[in-house]
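Chemist: Can you read through this structure? Questions will come right after.
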Amino acid sequence: MEVETKVDAPTGLGPAVDFPTFEHLHYYDRVRDVRLNISYSNVQQFTFGEFHRELPNDLDLNWTNTNGPEALRKMIASRHGTRADRVLMTTGATEGNFLVNASLVRPGDRVLVDSPTYSPLRDVPTGLGADVIRIPRSCDDGWQLDLERWREEAKQGARLLVFANLGNPTSAALSKSEIQELADIARDSGGYVLVDETFRELAFDKTPPSAATFGPRMIALSTVTKVCGLGTLRSGWVVADADLLERFGRLKDYTSGGNSALGQLLASWALERWDFFLDRAKRILTRNRMLVSEALAEMPALQGDVPPWGTVLFPHSTVDVPALGETLQGKFKTVIAQGRFFGLDDHFRLGLGGDTDELQQGLENLRKALRAAS
């Protein structure tokens, strides 16, 4: 009979790394086969066949540059108003977020995080042992940024200030003046600002500038996946000053090493047609935004305006959100992203970028579920 023994963690190595479960990710694993998912943050999927291109016969699948082809980094740099030597390729923005945090944050460091937000932006520093301070926004004032609160919190110490621009799940935008204020706060506190810019260009003609252009303490993340509907491509990047990229790159040697040659090729194809993808996204989102605005007018249990940009909205619900989610999934085969994933239990995320017919049916199911719960 085998006796199970408990193995204690080695002593003298500092606090253990212990990351929270990525609940939102695994929730999608569980509901993958549910017919209607009206919670996704990406623009409608784009298939390989729609590129109308063939893979080159001489594509090298045995070796890849650890930081990706220069031509690819030049295209990325142009989206951020900077140079190719300030771009580090990563396996999606998710790896970029991890590299930045693991390179800069130590146990006990204060990390200030905009809230509500996409959970990895708060949970990675949590897992690294940081003292994570959530600075809340409210739907009552349209998710306005409270800069005075940020200044006061940073005076107590701030290794990292974390945002998404556009916000996920709110689509709230950081303006040029707000980004400059945050750069000043980081300078005064001796910290850095990390901005996930995955959705930034989905503000179209109101697109805010990249945070990476506001000084040496500013770091931007992004990816091709959301704008283009290429959710599994996992081709992302970090934009920052060279000394920071060198630190992030040393850690990346131990996470992914290099990037997928095939993924980087498809990312290049997408970036070569970036204006096409933005136009495509704008058509889909304009159509769906009108549909959601009309539908919400018939759902008094939900409060919150449809944002003028971005792919998501985060309405407040007077109906219990977990119960609503269970009813939608069980009775109507429809999925929403519950607010607990983002830090507010009485809200949920709706996606604006999906198939219009599916969204219309999902909204009708939502209306029925809300009426049944009232």
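The values are calculated or read from the model by the stated rules, or taken from the named source; none is laboratory data. Remember, predicted model here, so these are calculated numbers, not experimental data. Heads up, the Cβs are rebuilt from the backbone with ideal geometry, glycines too, and the neighbour counts pull from every protein chain shown. Just so you know, the surface numbers come from the protein's heavy atoms only, side chains and all, with ligands and any DNA or RNA stripped out. Shrake-Rupley method; radii C 1.70, N 1.55, O 1.52, S 1.80 Å.
Chemist: What is the percent carbon and sulfur in the accessible area of the range 48-135, measuring with a 1.4 Å probe over the protein chains and ignoring ligands?
Modeler: After summing per-atom areas, the C and S share lands at 50 percent.
Chemist: Still on this structure, please answer the following. Given a 1.4 angstrom probe, I'd like the percentage of the accessible area of the range 250-374 that is carbon and sulfur, rounded to a whole number.
Modeler: 51 percent
Chemist: Could you order the peptides 261-268, 211-218, 137-144, 88-95 from most to least packed, using the average number of other C-beta atoms within 10 Å per residue?
Modeler: Highest-to-lowest ranking by the protection proxy: 88-95, 211-218, 261-268, 137-144.
Chemist: Oh, and also: Explain nothing, just the number: relative contact order of the chain, from Cα pairs under 8 Å at least 6 residues apart, as a whole percent.
Modeler: With pairs under 8 Å counted, the relative contact order is 24 percent.
Chemist: Filter the chain for me: DSSP H helices, axial length by Cα at least 18 angstrom, mean Kyte-Doolittle hydropathy not below -0.5. List them by residue number. Can you show the working numbers first?
Modeler: Details: long enough: 92-104 (19 Å, 0.42); 176-189 (20 Å, -0.79); 274-296 (32 Å, -0.14); 356-373 (25 Å, -0.80).
Span-like helices in the chain: 92-104, 274-296.
Chemist: What are the residues whose amide H is under 5 Å from the amide H of GLY68, where those residues sit 5 or more places off or on another chain and H is modelled from the backbone?
Modeler: ASN259
Chemist: On to the next question. For the range 231-292, count the residues as N, evaluate 2.2 N^0.38 Å, and divide the Cα radius of gyration by that value, please.
Modeler: 1.56
Chemist: Using Cα pairs closer than 8 Å and at least 6 residues apart in sequence, work out the relative contact order for the range 56-186, in percent.
Modeler: Relative contact order comes out at 20 percent.
Chemist: If you don't mind, another one. Can you compute log10 of I(q)/I(0) for the chain with the Debye formula, treating each Cα as one identical point scatterer, at q = 0.08, 0.10, 0.13, 0.14 Å⁻¹?
Modeler: Log10 I(q)/I(0), no solvent term: -0.42, -0.66, -1.09, -1.24.
Chemist: Could you give the accessible area per residue of the range 103-163, probe 1.4 Å, as a whole number in Å²?
Modeler: Averaged over the residues of the range 103-163, the accessible area is 39 Å².
Chemist: Another question, then. Accessible area per residue of the range 306-374 at 1.4 Å probe, in Å²?
Modeler: 39 Å²
Chemist: Relative contact order for the range 136-247: what percent, with Cα pairs under 8 Å and sequence separation of 6 or more?
Modeler: RCO, the range 136-247: 20 percent.
Chemist: With a Förster radius of 35 Å, plug the Cβ-Cβ distance of THR66 and THR318 into 1/(1 + (r/R0)^6) and report the FRET value to the nearest 0.05.
Modeler: The calculated FRET efficiency here is 0.10.
Chemist: Set the bar at 26 Å for Cα to Cα. Now go through LYS282/LYS331; LYS282/LYS368; LYS176/LYS282; LYS155/LYS206; LYS226/LYS333 and name every pair that lies beyond it.
Modeler: In this structure, LYS282/LYS331; LYS282/LYS368; LYS155/LYS206 lie more than 26 Å apart at Cα.
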